[in-house]
1. Among the candidates Phe53, Phe24, Phe9, Phe49, which residue alone is open to solvent by 50 Å² or more (accessible area, probe 1.4 Å), touching a strand residue (DSSP E or B) at 6+ places or on another chain (Cβ under 7 Å) and of a type in the set (Phe, Trp, Tyr)?
2. May I ask you to list the residues in the range 74-107 that are buried (at least 16 other Cβ atoms within 10 Å of the Cβ) and either among the hydroxyl-bearing types (Ser, Thr, Tyr) or farther than 19 Å from Asp35 by Cα (or both)?
3. Being touching an Asp or Glu at 6+ places or on another chain (Cβ under 6 Å), small (Gly, Ala, Ser) and more than 28 Å from Leu116 (Cβ to Cβ) is the requirement here; does Ala16 meet it?
4. Against the conditions (1) assigned to a helix (DSSP H, G or I); (2) charged (D, E, K, R); (3) out of contact with any strand residue (DSSP E or B) (no Cβ under 6 Å at 6 or more places or on another chain), where does Arg114 fall short? Just the number, please.
5. Can you tell me how many residues in the range 20-71 are part of a loop (DSSP other than H, G, I, E, B), of a type in the set (A, V, I, L, M, F, W, C) and more than 18 Å from Pro89 (Cβ to Cβ)?
6. Look at the range 9-19 and say how many of its residues are within 12 Å of Leu92 (Cβ to Cβ) and either part of a strand (DSSP E or B) or among the basic types (Lys, Arg) (or both).
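The values are calculated or read from the model by the stated rules, or taken from the named source; none is laboratory data. This one's a predicted model, so the numbers in the text were calculated from it and none came from an experiment. Glycine gets a Cβ as well: all are built from the backbone with ideal geometry, and neighbour counts include every protein chain shown. Remember, those area values only see protein heavy atoms, side chains included, never the ligands or the DNA or RNA. Shrake-Rupley method; radii C 1.70, N 1.55, O 1.52, S 1.80 Å.
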Amino acid sequence: MPDPQVQMFGLKKSAATRAAERFFKERRVKIHFVDLAAKPIARGELTRFVQKFGLNALLDTGGKAYERSNLAYLRTTEDAIINRIIETPELLRLPLVRGGKVLTVGEDPEGWTRMLEG
């Protein structure tokens, strides 16, 4: 079996992203880390998560960026929100992790474990 590996989208300053990084490193899983502060998430990649979880599940509605964005009060399209997320990754519940066919949003040790079982 090839060495397990995951792709993780996050921000280095995010505590949940660091927790995921620790989780995978402790299990010797190779991480392809995409720092969203340096490189925005690709629309296609983001769409994969939106299709699985729905857009609202990806938004960090308790975060400062969400509060500042006024997204709660704006009447806007899903496409416009996706554009906003690509520009402002702090709007996301991080990290977004993909391992094989398993996707997770936010701090999700159970989901991460499922990735490694697959």
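1. Working: Phe24 fails: open to solvent by 50 Å² or more (accessible area, probe 1.4 Å); Phe9 fails: open to solvent by 50 Å² or more (accessible area, probe 1.4 Å); Phe49 fails: open to solvent by 50 Å² or more (accessible area, probe 1.4 Å).
Going through Phe53, Phe24, Phe9, Phe49 in turn, just one is open to solvent by 50 Å² or more (accessible area, probe 1.4 Å), touching a strand residue (DSSP E or B) at 6+ places or on another chain (Cβ under 7 Å) and of a type in the set (Phe, Trp, Tyr): Phe53.
2. Ile81, Thr88, Val102, Thr104
3. For Ala16, the condition - touching an Asp or Glu at 6+ places or on another chain (Cβ under 6 Å), small (Gly, Ala, Ser) and more than 28 Å from Leu116 (Cβ to Cβ) - is not met.
4. (3)
5. To start, the set of residues in the range 20-71 that are part of a loop (DSSP other than H, G, I, E, B) comprises 27-29, 36-42, 54, 60-63, 70-71.
Add one more test, that the residue is of a type in the set (A, V, I, L, M, F, W, C), and what stays is 29, 36-38, 41-42, 71.
Adding the requirement that they be more than 18 Å from Pro89 (Cβ to Cβ) leaves 29.
Final tally of qualifying residues: 1.
6. Of the range 9-19, the ones within 12 Å of Leu92 (Cβ to Cβ) are 9-11, 14, 16-17.
Next cut, either part of a strand (DSSP E or B) or among the basic types (Lys, Arg) (or both) only: 9-10.
Selection size over the range 9-19: 2.
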